[in-house]
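So the structure is just underneath, and the comments pick up after that.
The values are calculated or read from the model by the stated rules, or taken from the named source; none is laboratory data. Because the structure is a prediction, the values reported are computed rather than measured. Don't worry about glycine lacking a Cβ; one is built from the backbone with ideal geometry, like all the others, and counts go over all protein chains shown.
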Amino acid sequence: MNLIAIDIGNKNIKVAFFLKDEKKSLVTIDGADPKMGPKLSDALIECWDQVPLLETAKEPVKNCSVVACSVKPEWTEIAAERVEDELGVKMLVIGVDVPLPIETAVDDALAVGTDRLVAAAAAYAVVEDAVVVADFGTAVTIDLIDDNGVFMGGIIAPGFDLSLDALHNGTAKLPTVQMQKPEQVYGANTEEAMRAGVYWSAVGLLETLCRKYAEQLGKWPQVVLTGGAAKIMLEDCEFVDSCVSNLVVRGIMIAYKKYLYEKADIAQRDAEGPKKK
């Protein structure tokens with residue numbers, strides 16, 4: 001399958017190109033960049049130029065779909081317009097044009113955030129067993145998928161930068177601090193103490209939740225880390241099984257494939273007609 005997968009987050013937009021299921025490129029565009037729109041167009045065109053023509057078509061047609069997962073509606077509209085203008089095709093959106101790729105046990109699946117659900121689907125597709133997906137980005141989400149591949153729910157907490165910003169904005173003297181891994185467990189100065197506080201809080205939160213989830217499951221689940229801040233935590237999270245960058249992008253591919261397979265299965269059953277008793 002050829003696919004342009006667009007992951008629209010809170011701070012940036014990622015554009016990935018898959019050629020015959022293999023990821024060929026991935027571009028990350030800062031949403032705060034004044035040239036975000038033109039850069040998105042450039043990324044789309046660069047992907048589109050690599051797409052082969054559909055051999056069976058009478059007229060030249062590119063053999064590729066464009067599918068997005070979004071948590072920011074205003075950027076979804078921008079991306080859809082850019083895809084239409086630059087590529088001449090419709091951008092499909094998971095949760096709107098493409099069904100959610102995983103069964104859930106939550107009150108409102110569409111309110112969960114499609115990024116969490118496609119990441120969960122991607123993790124379960126590999127593990128095929130109970131798994132915890134911990135995404136350390138703007139926010140921290142730590143979600144549980146059970147043995148049967150059902151998204152049970154999870155927690156949402158502030159990410160590193162949000163936590164540091166809250167400490168600065170909510171106090172009189174605490175400074176603005178950029179996040180990096182603390183050099184030791186305790187801070188010898190205010191900046192390091194702030195970094196150590198948010199870092200070790202995150203490590204402790206993840207370990208505690210994995211243990212609590214394991215108590216519910218009756219076994220310790222696989223644990224997968226993702227997100228921009230995930231890699232710095234690996235050394236202090238020995239219970240984590242893997243760290244997968246861009247898990248949402250991979251989940252977009254899985255969601256769209258599942259949709260196409262189910263669509264083809266329904267069409268085949270309709271063509272065969274009702275079975276005779």
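Looking at (1) within 25 Å of residue 226 (Cβ to Cβ); (2) among the aliphatic types (A, V, I, L, M); (3) more than 13 Å from the chain's Cα centre (by Cα), which one does residue 89 not meet, given that it meets all the others?
Result: residue 89 passes all but (1).
Looking at (1) surrounded by fewer than 21 Cβ atoms within 10 Å (Cβ to Cβ); (2) touching a residue at least 40 places away in the same chain (Cβ under 8 Å); (3) not in a helix (DSSP H, G or I), can you tell me which one residue 4 breaks?
The one condition residue 4 does not meet is (1).
Taking the residues in the range 201-239 that are of a type in the set (S, T, N, Q) and surrounded by fewer than 15 Cβ atoms within 10 Å (Cβ to Cβ) as candidates, determine which candidate is nearest to residue 124 (Cα to Cα).
216
Just to be sure I understand, how many residues within the range 20-77 are touching a residue at least 24 places away in the same chain (Cβ under 8 Å), among the hydroxyl-bearing types (Ser, Thr, Tyr) and within 30 Å of residue 111 (Cβ to Cβ)?
3
Within the group 134, 130, which residue is over 17 Å from the mean Cα position of the chain (by Cα), of a type in the set (A, V, I, L, M, F, W, C), surrounded by 15 or more Cβ atoms within 10 Å (Cβ to Cβ) and in the same structural domain as residue 209 (by TED's automatic domain parsing)?
Being over 17 Å from the mean Cα position of the chain (by Cα), of a type in the set (A, V, I, L, M, F, W, C), surrounded by 15 or more Cβ atoms within 10 Å (Cβ to Cβ) and in the same structural domain as residue 209 (by TED's automatic domain parsing) holds for just one of 134, 130, which is 130.
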